[in-house]
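The values are calculated or read from the model by the stated rules, or taken from the named source; none is laboratory data. Quick caveat: nothing in here was measured; it's all calculated off a predicted structure. Every residue, glycine among them, receives a Cβ derived from its backbone with ideal geometry; neighbour counts consider all protein chains shown.
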Amino acid sequence: MNLLGLIIIGAFVIFLMGIRIVRPTHRGLIERFGKYNRFANPGFNWVLPGVESIYQINITEQMVDAEPQEIITNDNLNAKVDAQVYFKVKADEASVKSTQYNVNNYQWQIVNLARTTLRNIIGTLTLKSANSERGKINAELHKTLCEETASWGLEIVRTELKEIDPPKDVQETMNKVVKAENEKIAAIDFATATETAADGQKRAEIKKAEGIKQARILEAEGEAAAIKLVNEAAQEYFTGNAQVLRKLEAVEKSLVNNAKIVIPANTELVNVIGEMAGFLPIKSKEDKK
């Protein structure tokens, strides 16, 4: 094998040794003799073996746990607090360089910064307000981390407060208070429902009584109207026969028990019936004389 062949083989080996593939989830920084030289995008990249080095940085979203810690709240209670921070390295060249040249181990730095920020925030709150204002705590923690890591080439995506656990005895007391409050609310709701049902029944009874009253009024009005019509009819059709009707009724009553009627001589039957009915006999023309 001649010298040219050896050179070609050696060059090929060096070429293979210098191949670097960068995945889409990463970006690369290529250094030459320990000094930044160029930026490596996803895909094929080649470095000079022994002279250049490539450092790949993950740009996908990552999560770090701030680790549980005990924080003294404003009302002098020890609360166990834990939080998570979601972040990612920005994909541009300047940001990737910043994560390597502006901060040492940014993940460890984020954890400690988050722990310190949580102590500062929760230390100004009571345990009750800290539990009820989780959104506010998350917002303040996120804002502080964004400000402090602005030069690190990072994007703080979100922060989540995992837990704020009070001491065991305090937790038991809080549970009793919550239980009593729930029972109170349930009792109030039951009383309100009962009162509503009673009001509804009362209104129903009132409407029922009003209906009966109105029905009786209408019935009385109907009876009055009927009596009025009877009176009008009697006045119109029976005025001239009233005395005759009275006489016939008297005769009917007198004959119910087979009573006997003695009629004096030379007396008209009609005159006798009239006297029994309480009417004076109608005098004839000869009597008038």
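Based on this model, can you work out whether P68 counts as assigned by TED's automatic domain parsing to the domain that holds K162 and either out of contact with any helix residue (DSSP H, G or I) (no Cβ under 8 Å at 6 or more places or on another chain) or within 24 Å of T144 (Cβ to Cβ) (or both)? The answer is yes for P68. If the condition is being of a type in the set (S, T, Y) and either more than 16 Å from Q107 (Cβ to Cβ) or loosely packed, with under 13 Cβ neighbours inside 10 Å (or both), then the range 129-154 contributes S129, S132, T144, S151. V85 fulfils the conditions (1) in a strand (DSSP E or B); (2) surrounded by fewer than 17 Cβ atoms within 10 Å (Cβ to Cβ) except for a single criterion, (2).
Which residue out of E183, E210, E223 is under 60 Å from the mean Cα position of the chain (by Cα) and at pLDDT 80 or above? Steps first, please.
Details: E183 fails: at pLDDT 80 or above; E223 fails: at pLDDT 80 or above.
Unique residue meeting the criteria: E210.
Against the numbered list (1) surrounded by fewer than 16 Cβ atoms within 10 Å (Cβ to Cβ); (2) touching a Phe, Trp or Tyr at 6+ places or on another chain (Cβ under 7 Å); (3) not basic (K, R), S98 comes up short only at (1).
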